[in-house]
Amino acid sequence: MPAKQQRIAVVIGSTRPTRICAGIAAWACEAIGKDSELRYELLDLAEAGLPFLDEPLKAALGDYKHDHTRAWSRTVQSYDGFLFVFPQYNWGYPAVLKNALDYLYREWRDKPASFITYGTRGGIKAAEQFTGVLQGLRMRVLDHAEAFIIDDDVDEDWQLKDIRATLRPVLPALAAIDFQMTEALDDAQ
């Protein structure tokens, strides 16, 4: 019987109505999954239905009182690793992403994680903060990628004009992330 293909969630880490995050995540999912032995799938936080953290007990206890938390727990547990995609907002990462992480603890623990940040400065400040949070969750933090998006890359509605051209410089980093993700999952078996 062949081994089950390991699933990696490509998490769309912004819910802003005019976000470009979903397009960047879809591009990354397609690009990284093209020649991979792993199965990359989009996971949109806008569809997760998580209110601002409302669990009465800390996540490390795993004693969830709300159906939306139990559903989120099952979703996160179903993945073997994570590739988070998010913008840099005011030198940090989106609150919706922090909220989604804070709901759980053991479900994240020991799973490999990477991320792609983007913004006019590539998202380095958001990357620093995010790395610390992933370490606090005891995830296996892999290398990450930063995408620089300048004003000339977007149209009058702040949407990317040519996503492939804008993100082409990220392709080598995605290949490295896939390699590291595969190795991390192989090491875990």
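The values are calculated or read from the model by the stated rules, or taken from the named source; none is laboratory data. Keep in mind that this is a model prediction, so the values were computed, not measured. Cβ coordinates were reconstructed from backbone atoms using ideal geometry, including for glycine residues, and neighbour counts include every protein chain displayed. Ligands, DNA and RNA are stripped out before the accessible areas are found, and what is left, the full protein with its side chains, is counted by its heavy atoms. Shrake-Rupley method; radii C 1.70, N 1.55, O 1.52, S 1.80 Å.
What percent do you get for the relative contact order of the chain when only Cα pairs under 8 Å and 6+ apart count?
Worked out over the chain, it gives 22 percent.
Ignoring ligands, DNA and RNA, what accessible area per residue does segment 1-159 give at 1.4 Å, in Å²?
Working: 8070 Å² over 159 residues.
With all protein chains present, segment 1-159 gives 51 Å² per residue.
Cross-link partners of Lys4 among lysines, defined as those whose alpha carbon lies under 21 angstrom from its own and excluding same-chain residues fewer than eight positions apart: Lys34, Lys111. Given a 1.4 Å probe and every protein chain left where it sits, what share in percent of the accessible area of the chain is carbon and sulfur? Ligands and nucleic acids excluded, carbon and sulfur reach 51 percent.
Using a 10 angstrom cutoff on alpha carbons, build the Gaussian network for the chain and name the most mobile of Asp178, Asp151, Asp102. Highest fluctuation among the options: Asp151. May I ask which residue of Tyr103, Ala173, Ala28 lies farthest towards the positive end of the charge dipole of the chain, with charges of +1 (Lys, Arg) and -1 (Asp, Glu) on Cβ and the Cα centre as origin? Towards the positive end, the residue furthest out is Tyr103. For a straight C-alpha distance cut-off of 16 angstrom, the aspartates and glutamates reachable from Lys98 (same-chain residues fewer than eight places away being disregarded) are Asp44, Glu47, Asp54, Glu55, Glu107, Glu128. Of all complete DSSP H helices in the chain, those with a Cα span along the helix axis of 24 Å or greater and a mean Kyte-Doolittle hydropathy of 0.0 or more are 171-188. Candidate values [x] 21, 20, 18; [y] 36, 22, 18; [z] 26, 21, 14 were compared with semi-axes √(5λ) of the Cα gyration tensor in Å computed on the shown model; the agreeing label is [z].
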